[in-house]
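One structure is given here, and the rest of the page talks about it.
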Amino acid sequence: MAAWRRRLLHAFASLALLCGVGGRPGPCRRYSPVQNSGWMEPFYSDPASSFKPLVTELALAVAQPGDATVLAAFNQSQPGAPSPRALVSSTVGAGTRAQVTSALAGLDTARKAGGALADTDLGEAVGAAMTQALGGKDGIVWLVTNNRNSPNNDQATAQRNREFYELIHRGEAIRVALAFPLRMPVQGKHYHANGLMVYAFAIGAGGKAGIERLLASGAIAKVITEPPARLKPLDRDTVRLVPRKVENAPGVRFALAPNGVLRADVAPGATAPSAKVSWNLENTMYPYTITSAALSARSKLGGEDRGVSLGSQHVNALAPGKPQPLSSTLQLPTANLPGKWSLAALKSAGSAYVLPGTIEVHLLEQKLALSQGFRARMAELFPGDPLPEIFTPPARIQASTATLPIEVRVHYGSGPLLAAGAGLLALLALGAAGAWAWMRPRQAPVTVEDELRTMRGRAGTVQPIYDNAGREVARLKTTLFGHQLTDLREGAQVRLGR
């Protein structure tokens, strides 16, 4: 337990972690407010609480040396007591652990001017993180809280939580929102708690790319073994297709690459116009079950946009982690593939000619419901809190799209390239022979007034011929095929040969 507890905060403590947009990392800020209002009292006062070690170790597990980190505490702003308040601001290095540990060691529940425990305002914390800490730029906001929203000591925490979730769903800047519910029973002097909630909000395209890379790296999974609950988006990347087998497509083989791209390896002579592909349809929206949806799909390959014939046009009761079989007929762009003698094929000889495309899966009239297992877990961690109802997706989200990248790869042999190379060498040899024949001097016997002369000339040249008196009497023209006399003077005694 100590190992995973020692890894939780650095995902929340980095304000300038590199998480650029596109293939090359760029600057992406991260900001980590940790709640220290009155509702958090047991997490700070219980001697057995693993809250601070958990936060410290996650911080150290996620950040890399050289990243700029900012750790802050939040409750609710009061005159003379702004919230959030920075605790650590430094570049990750050998001394970061000591800095974070020291800052958290001195952190306790905050109090208002009159001595009462401070209130909580989750919306204020997220808003300040986006507008002030991130300055309206892309980044990731990590929020550590017990999930009780009570600004101005408002006891209607359920209503305040609904407002908080509405902010998440309607906020255009928030591209991705995830929740990590953690079991952490603590008993304080005033309150008892069973669990802790960690939120991750990806702001802008840069934040979205950053959170995707962070999840793919497995840094969080090493600390929090529970899968993140998705709050947003619920209208894209909701399902995925995993190929199981292909039928009636001679010369075509499908496989799923490690990067998630579906590859169709096609033999150069394959002429099958379509392939019957059997898939597993998987729900990627934990903790939601797709209770029902109308299903359709299209393929965009080789400049062609075609519908994909599906074995079923509806999906029902598709729970996360429980795939359903789905058959389809996929049209292959064999007519648009280069012939084996084409320039594209010759360039790809010995490797593969790649034709990129996508398969889009559309879900219409989509109805989602929280899984019963997640409801039970939330009831255990946050008793009395109507959290499952708050997690219910907005009614306006009734459609979603998932895109599956696909590559059609044609493997051309080296035979045509070798043949083309041999032909090119033959042409070069012929050209060299022609050049030699053109450039080499040729001898021509010429008789002038009964005097035999030997003249030399290259193809394409014209030389004057003079009599014994020095007068030009003719010209000798040399070609690839021989010699000829031109401009012969009247009465001149000139001839080719003896």
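What is the residue count in the range 286-327 for residues that are over 30 Å from residue 410 (Cβ atoms) and either surrounded by fewer than 14 Cβ atoms within 10 Å (Cβ to Cβ) or of a type in the set (Asp, Glu) (or both)?
8
Just the residues that are surrounded by 15 or more Cβ atoms within 10 Å (Cβ to Cβ) and polar (S, T, N, Q), please, taken from the range 232-256.
238, the sole residue that qualifies.
Restrict the check to the range 53-65 and report whether at least one residue is surrounded by 21 or more Cβ atoms within 10 Å (Cβ to Cβ), more than 27 Å from the chain's Cα centre (by Cα) and among the acidic types (Asp, Glu).
yes
Which condition breaks for residue 454 when tested against (1) modelled with pLDDT of 80 or more; (2) in the same structural domain as residue 252 (by TED's automatic domain parsing); (3) not basic (Lys, Arg)?
(2)
Can you find, within the range 148-164, the residue that is surrounded by the most Cβ atoms within 10 Å (Cβ to Cβ) among those that are among the basic types (Lys, Arg) and under 20 Å from residue 43 (Cβ atoms)?
Among residues in the range 148-164 that are among the basic types (Lys, Arg) and under 20 Å from residue 43 (Cβ atoms), the one surrounded by the most Cβ atoms within 10 Å (Cβ to Cβ) is 148.
Please list, ordered by first then second residue, the pairs with beta carbon atoms under 9 Å, 6 or more apart or interchain, first in the range 296-316 and of a type in the set (Lys, Arg), second in a loop (DSSP other than H, G, I, E, B) and surrounded by 14 or more Cβ atoms within 10 Å (Cβ to Cβ).
298/308; 306/333
Does residue 274 meet the test of being at pLDDT 75 or above and either out of contact with any Asp or Glu (no Cβ under 7 Å at 6 or more places or on another chain) or not assigned by TED's automatic domain parsing to the domain that holds residue 216 (or both)?
On the way: at pLDDT 75 or above: no; either out of contact with any Asp or Glu (no Cβ under 7 Å at 6 or more places or on another chain) or not assigned by TED's automatic domain parsing to the domain that holds residue 216 (or both): yes.
Considered against the rule, which asks whether it is at pLDDT 75 or above and either out of contact with any Asp or Glu (no Cβ under 7 Å at 6 or more places or on another chain) or not assigned by TED's automatic domain parsing to the domain that holds residue 216 (or both), residue 274 comes out as no.
Scanning for something within 29 Å of the chain's Cα centre (by Cα) and surrounded by 15 or more Cβ atoms within 10 Å (Cβ to Cβ), does the range 106-124 turn up at least one residue?
no
Identify, from the list 422, 376, 369, 429, the residue that is at pLDDT 55 or above, over 25 Å from the mean Cα position of the chain (by Cα), surrounded by fewer than 14 Cβ atoms within 10 Å (Cβ to Cβ) and closer than 30 Å to residue 197 by Cα.
376
Of all residues in the range 98-116, count the ones that are at pLDDT 90 or above, hydrophobic (A, V, I, L, M, F, W, C) and touching a Ser or Thr at 6+ places or on another chain (Cβ under 8 Å).
Qualifying residue count for the region: 2.
Taking the condition among the hydrophobic types (A, V, I, L, M, F, W, C), farther than 20 Å from residue 358 by Cβ and crowded, with 16+ Cβ neighbours inside 10 Å, does residue 229 pass?
Yes; evaluated as a whole, the condition is true for this residue.
Closer than 30 Å to residue 172 by Cα, outside any strand (DSSP E or B), modelled with pLDDT under 90 and in the same structural domain as residue 215 (by TED's automatic domain parsing): does that describe residue 136? Explain how you work it out, then say what you get.
Working: closer than 30 Å to residue 172 by Cα: yes; outside any strand (DSSP E or B): yes; modelled with pLDDT under 90: yes; in the same structural domain as residue 215 (by TED's automatic domain parsing): yes.
Yes, satisfied.
Taking the range 139-160 on its own, how many of its residues are part of a helix (DSSP H, G or I) and either touching a residue at least 24 places away in the same chain (Cβ under 8 Å) or not assigned by TED's automatic domain parsing to the domain that holds residue 178 (or both)?
Qualifying residue count for the region: 6.
With (1) part of a loop (DSSP other than H, G, I, E, B); (2) surrounded by fewer than 20 Cβ atoms within 10 Å (Cβ to Cβ) as the list, and residue 89 as the residue in question, which single condition is left unmet?
Condition (1) is where residue 89 drops out.
The values are calculated or read from the model by the stated rules, or taken from the named source; none is laboratory data. This one's a predicted model, so the numbers in the text were calculated from it and none came from an experiment. For neighbour counting, all protein chains shown are included, and Cβ atoms are generated from backbone atoms with ideal geometry for every residue, glycine included.
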